[in-house]
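Note sheet for the following structure.
The values are calculated or read from the model by the stated rules, or taken from the named source; none is laboratory data. Everything numeric here is computed off the predicted structure, so don't read it as measured data. Heads up, the Cβs are rebuilt from the backbone with ideal geometry, glycines too, and the neighbour counts pull from every protein chain shown. Just the protein is used for accessible areas: all its heavy atoms, side chains included, with ligands, DNA and RNA removed. Shrake-Rupley method; radii C 1.70, N 1.55, O 1.52, S 1.80 Å.
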Amino acid sequence: QVQLVESGGGLVQPGGSLRLSCAASGSIFSISIANMGWYRQAPGKQRELVAFIASGGSTNYTDSVKGRFTISRDNAKNTVYLQMNRLKPEDTAVYYCKASVITPIRRDDYWGRGTQVTVSS
C-alpha cells in the first residue's frame, strides 16, 4: 500500500514563504517512477492542479503560481517538495499531494490527506 503524507503547511503572512513536503512510503513504491502533483482546494472551490513534475523531471505550473512556486523531487528520500514564495491570501487552501503511476496496462493514483495553508495578516 502506498502512503503519501504532506507536511509543512501553516499560517503565514502575505509575502511570506512556506515549503511543503510530500513523503511517500510503501513496500516497493518509488516516486522515481511516478508523476507527482500538488493540488489545492479552497473552501467552496474545486480542487485544482497547482504544480506537476513528471517522472522524467519536466515541470508545469498553473498560471497563478508561475514564478512564485517551485516543485522539486528527491528520489533518494522518496519526497516531493513545493516551495511557495510571495504567498498571497488567494493561495489559502488545503494542499494535496498526488502520485500517478502509469504503465501500458494500468494507471494507479494515490493521494495524501492534505495540509492546510493559510495566508493572512
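Out of everything in segment 66-107 that is closer than 24 Å to S32 by Cβ and not in a strand (DSSP E or B), what residue ends up being least open to solvent (accessible area, probe 1.4 Å)?
Top of the filtered list is N78.
Of the conditions (1) free of Cβ contacts under 8 Å to residues at least 60 places away in the same chain; (2) of a type outside the set (S, T, Y); (3) open to solvent by 60 Å² or more (accessible area, probe 1.4 Å), Q13 fails just one. Which one is it?
All conditions pass for Q13, except number (1).
Collect the residues in segment 54-83 that are touching a helix residue (DSSP H, G or I) at 6+ places or on another chain (Cβ under 7 Å) and aliphatic (A, V, I, L, M), keeping them in residue-number order.
Within segment 54-83, just V80 meets the criteria.
When you scan segment 56-65, do you find a residue that is of a type outside the set (V, I, T), open to solvent by less than 20 Å² (accessible area, probe 1.4 Å) and at negative phi, even just one?
Within segment 56-65, not a single residue is of a type outside the set (V, I, T), open to solvent by less than 20 Å² (accessible area, probe 1.4 Å) and at negative phi.
Tell me which residues, restricted to segment 109-121, are open to solvent by 10 Å² or more (accessible area, probe 1.4 Å), in contact (Cβ under 8 Å) with a residue 40 or more places away in the chain and part of a strand (DSSP E or B).
Y110, W111, T115, Q116, T118, listed by residue number.
Is it the case, given these coordinates, that G37 is surrounded by 15 or more Cβ atoms within 10 Å (Cβ to Cβ) and small (G, A, S)?
Taking the combined requirement at face value, the residue satisfies it.
On the basis of being out of contact with any Ser or Thr (no Cβ under 8 Å at 6 or more places or on another chain), open to solvent by less than 50 Å² (accessible area, probe 1.4 Å), touching a residue at least 60 places away in the same chain (Cβ under 8 Å) and among the polar types (S, T, N, Q), does S21 make the cut?
no
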